[in-house]
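A short worksheet on the structure shown next.
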Amino acid sequence: YVPFSRANIYARDHHACQYCGEGFATSELTFDHVVPVAQGGRKDWENIVTCCITCNRRKGGRTPDQAGMRLVRHPRRPDRAPAVRITFGLRNAPESWRDYVYWNVELEE
C-alpha cells in the first residue's frame, strides 16, 4: 500500500509535468485533475498528475482531449513506495551513525 500523498505523487511522476514532459522543482509544479472535478473527476491516484503552471493554465477546467493535450503517462496507483535517497557528508553525520554508515574510503591499518 502506497499512501496517497503529495510527496508520493511527485515521486511517481518523477517531478515532471505530465503534459509537456519537462522536469521542474517541486515549487514550480502543481497538481492537475485529469478529469476536472466539475466533470465528475475524483481526487485519487488515477486522476491526479503533476503539471507545470503553463500547462495547467492551458488545460484549464477541461479534459486533456477537450484541451487538445496528451498525457506523457497515464496516472495509476504505484505498486510500491518510491525509493528515497538521503545524502549527507560523513563529517556531518552524527557520531552515533558512523559505525553503521558505509563510505568508500581506504581504511587505515
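The values are calculated or read from the model by the stated rules, or taken from the named source; none is laboratory data. Model, not experiment: these values are computed from the prediction. Quick reminder, even Gly has a Cβ in these numbers, built from the backbone with ideal geometry, and neighbours come from all protein chains shown. All accessible areas refer to the heavy atoms of the entire protein, side chains included, with ligands and DNA or RNA removed. Shrake-Rupley method; radii C 1.70, N 1.55, O 1.52, S 1.80 Å.
Some observations on this one:
- Residues of the range 35-74 classified as open to solvent by less than 20 Å² (accessible area, probe 1.4 Å) and in a loop (DSSP other than H, G, I, E, B), total: 5
- The C-beta contact set for the range 60-83 (first residue of a type in the set (D, E, K, R), second residue not in a loop (DSSP other than H, G, I, E, B), distance under 7 angstrom, 6+ apart or interchain) comprises Arg70/Pro64.
- Applying the condition of being open to solvent by 40 Å² or more (accessible area, probe 1.4 Å) and touching a strand residue (DSSP E or B) at 6+ places or on another chain (Cβ under 8 Å) to the range 16-30 and asking which residue is farthest from Arg73 (Cα to Cα) yields Glu28.
- Summed over the range 1-34, the residues that are without any contact (Cβ under 8 Å) to a residue 12 or more places away in the chain, part of a loop (DSSP other than H, G, I, E, B) and of a type in the set (A, V, I, L, M) give a count of 1.
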